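One structure is given here, and the rest of the page talks about it.
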Amino acid sequence: MCSSNSCVNASEAARRLGVSAKALRLYEQQGLIRPGRSAAGYRVYGPGDMVRAAEVVALRALGLSLAQVARVLDGDPESLKAALSTHETALDHEIHALVHKLDKLRGIQADLARGQMPSDGALTGLLDRSADIGAAFALPWPWGGEWFEVRDVRPLNYIIGSLGSGKTRLARRLAQALPNAAFVSLDRFDNGCAAATRLLEADPALRSRVDRARQWLVDEGATASLALTTLLVALEAEGPAVLVIDMVEQDLDRCTQEALMVHLRQRAQAGGRPLFLMTRSSAILDLAAVGPDEAILLCPANHSPPSRVAPYPGAPGYEAVATCLASPEVRARIARRPSLTGG
């Protein structure tokens, strides 16, 4: 039992820990934390609960699945060793990138000392690497050649639109225009996912990475399936600097989609390559969970040019995105809604 001064409610606990209240409920469902209850039955977090929850949050930030977190908290060191090794590699890459930027900075300072201004693009190289990723091109049909620019590519980018809005054409054009990008089409399912199977048979290192990622996802609540393995082959294969994935949720159940998004967000935080995810699933594109490293591209139903949409109610395009994410039944009701203008 804790005093009123030492306990906090779920919302305040989530704020202090830097996670959502939904995440805290998930940790509780998995038995990782056990908050107390107030006299009225509300969850309350005392100092000990907050320490335990902070450990869970830290382990999750290291990339551990829910099952791995449980094992570490039970005293098993193996999962923690692997996570720390991965985190060490990511930090090492960050250090090398910072050293490279420091060398560039010192070179510019040396040039300035000699009275020489930096060359075009030299200052841009000191900024975030993602700032260098972008493209400009004429939009394909149905837009009729309108000019379109993609700038400020985020680690996670969503492409969404209603049926017939042109989102697949946009996705393919993005894959052509972005530097060193590839389009992962629904052809990945052809002939029983034969292409992915061949890649796994030919590349033991890829198979190891896919096996590791699949086990993480299963620990997180995903359902193992050929569709999931095929998607992981595309994600784990070396090569393109950017992936544009057609209907990422294809043949994945909702639990698998939710686990996949946890996985992709952790990959993004670790410096993984940018992804463009074409989707109409609210489990993939949870508007309440979209963070600063994510962006939404909407293809409007009226074939106006695609636009960036902010993930909050009232923002231009938000209602259109929310409608695209609604269930088929809800979309049908919206389509039948009488026009306010009577037209």
- Query: Checking residue 44 against (1) touching a Gly at 6+ places or on another chain (Cβ under 6 Å); (2) part of a helix (DSSP H, G or I), which test does it fail?
  - Reply: (2)
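For segment 112-145, which residues satisfy the criterion of being touching a Pro at 6+ places or on another chain (Cβ under 8 Å) and modelled with pLDDT under 85? Talk me through it step by step, then tell me what you get.
Of the residues in segment 112-145, the ones touching a Pro at 6+ places or on another chain (Cβ under 8 Å) are 112, 130, 133, 135, 139, 143.
Answer for segment 112-145, where residues must be touching a Pro at 6+ places or on another chain (Cβ under 8 Å) and modelled with pLDDT under 85: 130, 133.
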- Is at least one residue of segment 40-49 surrounded by 17 or more Cβ atoms within 10 Å (Cβ to Cβ) and of a type in the set (Phe, Trp, Tyr)? yes
- Task: Take segment 54-86 and flag every residue that is open to solvent by 50 Å² or more (accessible area, probe 1.4 Å) and assigned to a loop (DSSP other than H, G, I, E, B).
- Result: 74, 75, 76, 77
- If we keep just the residues of segment 202-246 that are open to solvent by 60 Å² or more (accessible area, probe 1.4 Å) and closer than 28 Å to residue 163 by Cβ, which is nearest to the chain's Cα centre (by Cα)? 223
- How many residues are within 26 Å of residue 14 (Cα to Cα), in contact (Cβ under 8 Å) with a residue 40 or more places away in the chain, not aliphatic (A, V, I, L, M) and not in a loop (DSSP other than H, G, I, E, B) if we restrict to segment 286-323? 1
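Return the residue satisfying two criteria in turn: it lies in segment 168-201 and is part of a helix (DSSP H, G or I), in contact (Cβ under 8 Å) with a residue 60 or more places away in the chain and out of contact with any helix residue (DSSP H, G or I) (no Cβ under 9 Å at 6 or more places or on another chain), and of such residues it is most open to solvent (accessible area, probe 1.4 Å).
The first filter runs over segment 168-201 and keeps only residues part of a helix (DSSP H, G or I), leaving 168-177, 186-201.
Next cut, in contact (Cβ under 8 Å) with a residue 60 or more places away in the chain only: 168, 170-172, 174-175, 186, 189.
Among the residues that remain, those that are also out of contact with any helix residue (DSSP H, G or I) (no Cβ under 9 Å at 6 or more places or on another chain) are: 168, 170-172, 174-175, 186.
Details: 168: 54, 170: 0, 171: 0, 172: 112, 174: 0, 175: 12, 186: 63 Å².
Across segment 168-201, the extreme among qualifying residues is 172.
The values are calculated or read from the model by the stated rules, or taken from the named source; none is laboratory data. Predicted, not measured: the structure shown is a model, and the values here were computed from it. Because the Cβ atoms are built from the backbone with ideal geometry, glycine has one as well, and the counts that use them run over all protein chains shown. Accessible surface areas use protein heavy atoms only, side chains included; no ligands, DNA or RNA. Shrake-Rupley method; radii C 1.70, N 1.55, O 1.52, S 1.80 Å.
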